[in-house]
1. So, in segment 49-81, how many residues would count as being more than 20 Å from the chain's Cα centre (by Cα) and surrounded by 14 or more Cβ atoms within 10 Å (Cβ to Cβ)?
2. Pairs under 6 Å by beta carbon, first residue assigned by TED's automatic domain parsing to the domain that holds A67 in segment 27-40, partner surrounded by fewer than 10 Cβ atoms within 10 Å (Cβ to Cβ), six or more apart or different chains?
3. Got a number for residues in segment 12-25 being free of Cβ contacts under 8 Å to residues at least 24 places away in the same chain and not in a helix (DSSP H, G or I)?
4. Output the residues belonging to segment 24-48 that are of a type in the set (V, I, T) and surrounded by 11 or more Cβ atoms within 10 Å (Cβ to Cβ).
5. Of the residues that make up segment 73-93, is at least one closer than 17 Å to G27 by Cβ, in contact (Cβ under 8 Å) with a residue 24 or more places away in the chain and polar (S, T, N, Q)?
6. Go through segment 43-72 and give me each residue that's among the aliphatic types (A, V, I, L, M) and within 17 Å of G27 (Cβ to Cβ).
7. Of the residues V85, V44, which is at pLDDT 95 or above, out of contact with any strand residue (DSSP E or B) (no Cβ under 7 Å at 6 or more places or on another chain) and under 24 Å from M1 (Cβ atoms)?
8. Working only within segment 90-123, note down all residues that are within 30 Å of S59 (Cα to Cα) and hydrophobic (A, V, I, L, M, F, W, C).
Amino acid sequence: MNVSEFSKRVDLNPHTVRYYDKIGLIGHVHRLTNGHRTFSQKDVQWIEFVQRLKDTGMSLENILLYAKLREKGNTTLVERKAMLVSHSQELLSKISTQQQHLQKLNEKVDLYQSALEGLITLD
């Protein structure tokens, strides 16, 4: 698939796809004889994983490091696993913090609801 098809498939702007290719995030993108990029299902799966990492807060710098390790193959499995474990632990901590924030927000909403129902008076 070409850049346009690929970008629609992975829900990225074509400029972002080209940028990711330029910085080496996608890996070895196959090019046709006319120089146009062509992407495979494997590229789709990789970018979906990259997007998941971004959505969970991993920096582009760390994603690039992960991608470079991935390019080196199975000799980097320990390092890649360590990166994902570390990121997972950071994510769990953030989720816990966000859950605490959500609980406090819900308590405030409940307080306002009680005030609106005349059950309590707010000062």
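1. The qualifying residues number 1.
2. Here the result reads T38/L32, each pair linking segment 27-40 to a residue that is surrounded by fewer than 10 Cβ atoms within 10 Å (Cβ to Cβ).
3. 1
4. Result: I26, V29, T38, V44, I47.
5. Scanning segment 73-93, I find no residue that is closer than 17 Å to G27 by Cβ, in contact (Cβ under 8 Å) with a residue 24 or more places away in the chain and polar (S, T, N, Q), so the answer is no.
6. The first filter runs over segment 43-72 and keeps only residues among the aliphatic types (A, V, I, L, M), leaving 44, 47, 50, 53, 58, 60, 63-65, 67, 69.
The answer is V44, I47, V50, L53, L60, I63, L64, L65, A67, L69.
7. V44
8. If the condition is that a residue be within 30 Å of S59 (Cα to Cα) and hydrophobic (A, V, I, L, M, F, W, C), then L91, L92, I95, L102, L105 are the ones that fit.
The values are calculated or read from the model by the stated rules, or taken from the named source; none is laboratory data. Note that the structure is a prediction, hence the values are computed from the model and not measured. As a convention, Cβ positions derive from the backbone with ideal geometry for all residues, glycine included, and neighbour counts pool all protein chains shown.
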